[in-house]
Amino acid sequence: MSDIKAILFDKDGTLFDFKATWGAWTDGLLVALAQNRDTVAQAMAQAIGYDRQTGDFAPGSPVIAGTPQEIAALLLPFVSGHSVQSLVNLMNEAASTAPMSEATALVPLLDELRGAGYKLGVATNDAEAPARAHLLAAGIEERFDFIAGFDSGFGAKPDAGMLLAFADAVGILPTDILMVGDSRHDLLAGRAAGMRTMGVLTGLAQAAALAPLADVVLSHVGLIPAWLESDQKRRQTELLKS
């Protein structure tokens, strides 16, 4: 198995804790779109698999791994005066200012990885503009060699387009890249691109759902440096035995 030379991260649920970030924010968005009509907000919540009482999302909710366009299409029947694209624009603008809850202290983590020589990227099914706004607000945008959203021209996950674009951008073979994500979409994309895959549990998917598609499942991205060190030692041992 080849050495890992680059790491590509999903954003929501991976770099940022999903429920802590988007739970209450989603309810506020729905209430605003419904113009404070509670029955409409409740119907919208059901359409996107969101529980307004608990702030939880159903496992199949498009909010977890879908694109803003997919979410907007489900909300559009409840919102007058909008097209899918205008609703996406409104959602992106609102999302760009959402307070993000880091899954771990990201600045020291990313600095450690960069210091060790890894190329870093972000591939998210969010739009690129709000994604960059979130990374900038966290003080980490400049630490990435590549940032792409579903609208950056490479397609959306679970297709491999964004992942292969990252490989091209940093000049590293997909087999030498680790894709890190919290959803099956992330890991399916990683497998489709020929990358190694890591699942994390700061999204909504359980370990049992991620494990069949992941080389390893960790509780959060802060454990990546220790795992990389142990993985390298394990492969060195295997080489000595062969």
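The values are calculated or read from the model by the stated rules, or taken from the named source; none is laboratory data. If you're wondering where the values come from, they're calculated on a predicted model, not measured in any experiment. All Cβ positions, even for glycine, are placed from backbone atoms using ideal geometry, and neighbour counts span all protein chains on display. Note: accessible area is taken over every heavy atom of the protein model, side chains too, but ligands, DNA and RNA are not part of it. Shrake-Rupley method; radii C 1.70, N 1.55, O 1.52, S 1.80 Å.
Structure notes:
- Residue in the stretch 105-112 that is part of a loop (DSSP other than H, G, I, E, B) and open to solvent by less than 50 Å² (accessible area, probe 1.4 Å) present: no
- Strands (runs of 3 or more DSSP E) fully within the stretch 158-242 counting 1 or more residues that are more than 25 Å from Arg114 (Cβ to Cβ) and without any contact (Cβ under 8 Å) to a residue 24 or more places away in the chain: none
- The conditions of being under 16 Å from the mean Cα position of the chain (by Cα) and part of a helix (DSSP H, G or I) are met by Ala131.
- Of all residues making up the stretch 185-242, the number that are more than 18 Å from Gly121 (Cβ to Cβ), open to solvent by less than 60 Å² (accessible area, probe 1.4 Å) and among the charged types (D, E, K, R): 2
Quick grid of which residues meet (1) open to solvent by less than 30 Å² (accessible area, probe 1.4 Å); (2) over 20 Å from Gly222 (Cβ atoms); (3) small (Gly, Ala, Ser); (4) in contact (Cβ under 8 Å) with a residue 12 or more places away in the chain:
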| position | (1), (2), (3), (4) |
| --- | --- |
| Ala45 | yes, yes, yes, yes |
| Arg114 | no, no, no, yes |
| Ala129 | no, yes, yes, yes |
| Ile147 | yes, yes, no, yes |
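- Test: Leu135 is touching a strand residue (DSSP E or B) at 6+ places or on another chain (Cβ under 6 Å) and crowded, with 19+ Cβ neighbours inside 10 Å: no
- Residue match in the stretch 59-66 (condition: surrounded by 16 or more Cβ atoms within 10 Å (Cβ to Cβ), in contact (Cβ under 8 Å) with a residue 40 or more places away in the chain and farther than 22 Å from Phe16 by Cβ): no
- In the condition set (1) outside any loop (DSSP other than H, G, I, E, B); (2) without any contact (Cβ under 8 Å) to a residue 12 or more places away in the chain; (3) open to solvent by less than 70 Å² (accessible area, probe 1.4 Å), Ala94 is compliant with all but (2).
- The listed residues are Ala32, Ala6, Ala94, Ala45, and the only one of them that is farther than 25 Å from Asp186 by Cβ and at pLDDT 90 or above turns out to be Ala32.
- Residues that are touching a strand residue (DSSP E or B) at 6+ places or on another chain (Cβ under 6 Å) and basic (Lys, Arg) within the stretch 1-58 comprise just one, Lys11.
- Residues of the stretch 1-20 satisfying the condition of being open to solvent by less than 10 Å² (accessible area, probe 1.4 Å) and in a strand (DSSP E or B): Ala6, Ile7, Leu8, Phe9, Phe16
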